[in-house]
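Please read the structure below before turning to the comments.
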Amino acid sequence: MSALGLGLVGSPAARSQSEPIIDPAAITLRAGRLEFQFRAGAGSPADFELWRTTGLESPANWQAAGEATIEAVVEGIFVGSLPIAPEARAFVRVRRVGLPPVGPGPVLNEVMSDNVSAFAAEAGRFLDWIELFNPHDEAVELAGFGLSDDPANPAVWKFPSLALQPGARVVVFASDSPAGTPEIPGAWVANLGLRSGGDTLILSDPWGREIDRVVLPPLDPDQSIGRVPDGAARWHLFAKAQATPGWPNSPVSTGIVVAPPEFSVDGGFHDPPIELRLSTREPGGWVRYTLDGSVPNPFSPRYESPLAVVRTTVVRAVAYDPDGRPSEETARTFFIGVHHTLPVVSLAAPASHFEFRNGYLFGMGSRVLNARGEVLQTYPFSGSNAWQDREVEVHLEFHEPDGRPGFRQRAGLKVYGGWGSRGYPQKSLALFARRQYGSGRFEHAVFPDQEVDAFESLVLRNSGNDNHYFVNGTFTLLRDALMQGLLKGETDLDLQAYRPAVLYLNGEYWGLYNLREKFNEHHILAHHGLPPGAIDLIEGYGDIRAGDSKTYLAMRDFVNTRSLAVETNFQFVAGTYLAEDNFIDYHLAVIYFGNFDIGNIKCWRPRTPKGRFHWMVYDQDYGFDLWPAAIYVPAMARDYADYADMFAFATAGSGTSTGWPNAGGRTLLLRRLLANPGFRDRFVRRCADLLNSTFREERVESLVAGMAAVIRPEIAAHLHRWSWKELVARGYGAPYQPEFHPFTAATWETNLQGLVDFARSRPGDLRTDCQRHFALTGGLGELRVDVEPPGAGFVKLNTLELERLPWQGPDSRSANG
């Protein structure tokens, strides 16, 4: 059921495609009429009818909808409209009328979804390819037939005119390159992105009816699947040397491909419970399935009769041929009676991985809890299984909140993060796309506000120390994302994309997470175009994540042993080792945030003679007064008495120790660079500019309000899910303690106000600290900037281009007063 109280029938799971596909993302209710878009392969409005019923009992009482209208938008897309009464419950479908019978057509005959070096489309260019075969005794005109990798649109690419003779073959190349579909002389190139491990390739007739399909199993580079013999029902797996595009398929293969099972209803969101039928295309075959998250095996329940799905469930199924050979798995999550305004991630794996006491991933284990239930360790329970480097295979689904398809595939799952994850009941998780599971990428625009739409890894973050389990913290579940969001579009710092999402684990609600990009070598490749072998990626103070640390350690050694007050030494550092503006912005951001956990360092450089280090912003959860002042000042006094002045904090110490929180090794680079008068002047001026632009109070308040509004509908359910009462009810008892503050939406709202209060007071406090620390004279006045006549141009103030005039702000034109 949709939010309008309407059920849409004509799902992407429909195998015959005899009915057009209704687009759930294009539904409106206007002046008592329901309007929606639907797709069809061909036709005019007169070829369709709108039907409705109030329920899906068998047989449903379908009736033609009165006062219905249908209009064409563009080729293959139509808008339907029909009256709907307030609070009405209805199911709607589109029926095609007057279709000619299905005639002879070609069949999909061989497919290669990762053509690395097997068959060149042209010299030096390798594209995925699809072979069609005509098994009939007469020629088939291909004009209007379609190929698709999207069940909701059975004709993404249409064939031009060609009479395919009996027994003949034709090869179509496939590419979904962001640069556009390439043109290759004498060849057809379809705008399709084939992926191994679950993608479905569909062949449709000129009226949009599906006439053939194949689900692509996991394929290694240069492997293909094909029918043996040509046009037969059975698919085989071919190695590189056995692939034969445009020629008869080889009788020699590396194995038989068993067709995966098919579901009568597609996964996704359903209001009433559903009746699910499983089937197989294997003559004489059978299906086995599971409902507990585990992978089906020969001892799993055998499908005999329809399954009643009455609660949110992940159904995993495997088909077997008569000889007992298994297929690849088909899995779908059915969300029953739940509604979310955020994207939803569903994971399925054996439940034993997530069990509290001994679970392979989440379990406390015998080093934390003994057989008598006695607690042997305290937070962060470093002996627990969560601190082990373990990865398990999961079935992963990503669902957009508006009904648009996301992606589903097998993936790797690990526990991710440090104390603020592994020590808490709600743990952060890292997802990995790997060849061994099927596809090596998650291909979807997970973060719609950026161009990158393919990822090797993603993180489901519990918001780190901004989580409700952090002792005496002021949790908001968005703190780090807020701070990075303030820098977006304002600096050239590397940032992690953010999108809040809801997680279900084996059909169980697992609450709210921060979906983030993972900072690794793949991030640099996606955003900067530099492969892992072309960069140095450093974490902490020399730990290597890609390349090597020679240049990084040489930089630290030079800075530590030479006076940077000497201009030639400073210019060598700035010209050889670090991107100065980037470095300044990073440290000023951390200082503004008030994040005393300054050891979360990642930086990278191109491996070129003048490749300089750029800084990456992550894990800023201690910022924006995570701890109230009455708590953090006494706590920090144990290590450093003047935490409130972040300029002093970030430049304290001596030597090279990198101990927590701000030993000399942690403050080395900034502290030594500020000995240079020119750098010091640019640093102070940029601080003023950021406070007058990026960190202006009203800008921060607006971002807080916008981000909070997005997750507010989920807060109450999330906090209930992770409350002490719920933990005990689920067996998550000792060693956790009752919450230190109420896990309520009201507490969360109070904590949000704390972010706003910080944003209002921070600029003034930071200006005062800056003046005192750098001994600036003259104080701050108000500066008003305008041009005459109005609109005559813009003004550059320090690093700011003031295009919106008049402009007014604190006067910091001189770092020396």
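The values are calculated or read from the model by the stated rules, or taken from the named source; none is laboratory data. Quantities reported herein were computed from a predicted structural model and do not represent experimental measurements. Cβ placement follows ideal geometry from the backbone for every residue including glycine, while neighbour counts extend to all protein chains displayed.
Answer with yes or no whether SER463 is touching a Gly at 6+ places or on another chain (Cβ under 9 Å), farther than 23 Å from VAL338 by Cβ and in contact (Cβ under 8 Å) with a residue 24 or more places away in the chain.
Considered against the rule, which asks whether it is touching a Gly at 6+ places or on another chain (Cβ under 9 Å), farther than 23 Å from VAL338 by Cβ and in contact (Cβ under 8 Å) with a residue 24 or more places away in the chain, SER463 comes out as no.
Which one of ALA574, ALA579 is in contact with a His (Cβ under 6 Å, 6 or more places away or on another chain) and surrounded by 18 or more Cβ atoms within 10 Å (Cβ to Cβ)? That would be ALA579, the only listed residue that is in contact with a His (Cβ under 6 Å, 6 or more places away or on another chain) and surrounded by 18 or more Cβ atoms within 10 Å (Cβ to Cβ). Looking at VAL446, is it in a loop (DSSP other than H, G, I, E, B) and surrounded by fewer than 21 Cβ atoms within 10 Å (Cβ to Cβ)? Against the criterion (in a loop (DSSP other than H, G, I, E, B) and surrounded by fewer than 21 Cβ atoms within 10 Å (Cβ to Cβ)), VAL446 does not qualify.
Is there a residue being touching a Lys or Arg at 6+ places or on another chain (Cβ under 9 Å), on the phi > 0 side of the Ramachandran plot and at pLDDT 95 or above anywhere in region 490-501? No: zero hits.
Here is a yes/no grid of residues against (1) in a strand (DSSP E or B); (2) at pLDDT below 95:
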position: LEU530; (1), (2): no, no
position: LEU537; (1), (2): yes, no
position: TYR552; (1), (2): no, no
position: SER563; (1), (2): no, no
position: LEU588; (1), (2): no, no
position: ASN595; (1), (2): no, yes
position: LYS610; (1), (2): no, yes
position: TYR618; (1), (2): no, no
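Residue pairs whose Cβ atoms lie under 8 Å apart, separated by 6 or more positions or on different chains, with the first residue in region 755-779 and among the basic types (Lys, Arg) and the second at pLDDT 95 or above and surrounded by fewer than 17 Cβ atoms within 10 Å (Cβ to Cβ), are ARG760/GLU697; ARG760/GLU701. Checked against (1) closer than 30 Å to GLY66 by Cα; (2) free of Cβ contacts under 8 Å to residues at least 60 places away in the same chain, ALA139 passes all but a single condition, namely (1).
Being surrounded by fewer than 22 Cβ atoms within 10 Å (Cβ to Cβ) and under 30 Å from THR28 (Cα atoms) is a property that ARG408 has.
Per-residue answers, yes or no, for (1) touching a Cys at 6+ places or on another chain (Cβ under 7 Å); (2) buried (at least 21 other Cβ atoms within 10 Å of the Cβ); (3) not in a strand (DSSP E or B):
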| position | (1), (2), (3) |
| --- | --- |
| PHE78 | no, yes, no |
| SER81 | no, no, no |
| PRO86 | no, no, yes |
| VAL94 | no, yes, no |
| VAL102 | no, no, yes |
| GLY105 | no, yes, yes |
| VAL111 | no, yes, no |
| ALA120 | no, no, yes |
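The conditions of being assigned to a loop (DSSP other than H, G, I, E, B), surrounded by fewer than 19 Cβ atoms within 10 Å (Cβ to Cβ) and touching a helix residue (DSSP H, G or I) at 6+ places or on another chain (Cβ under 8 Å) are met by ASP492.
One residue alone among ASP199, ASP220 is under 28 Å from the mean Cα position of the chain (by Cα), surrounded by fewer than 16 Cβ atoms within 10 Å (Cβ to Cβ) and closer than 25 Å to ILE256 by Cβ, and that residue is ASP220.
Is it the case, given these coordinates, that ALA143 is within 30 Å of TYR437 (Cβ to Cβ) and assigned by TED's automatic domain parsing to the domain that holds GLN223? No; evaluated as a whole, the condition is false for this residue. When LEU512, LEU477 are checked against the criterion of being under 20 Å from LEU458 (Cα atoms), touching a residue at least 12 places away in the same chain (Cβ under 8 Å) and not in a strand (DSSP E or B), a single residue qualifies: LEU477.
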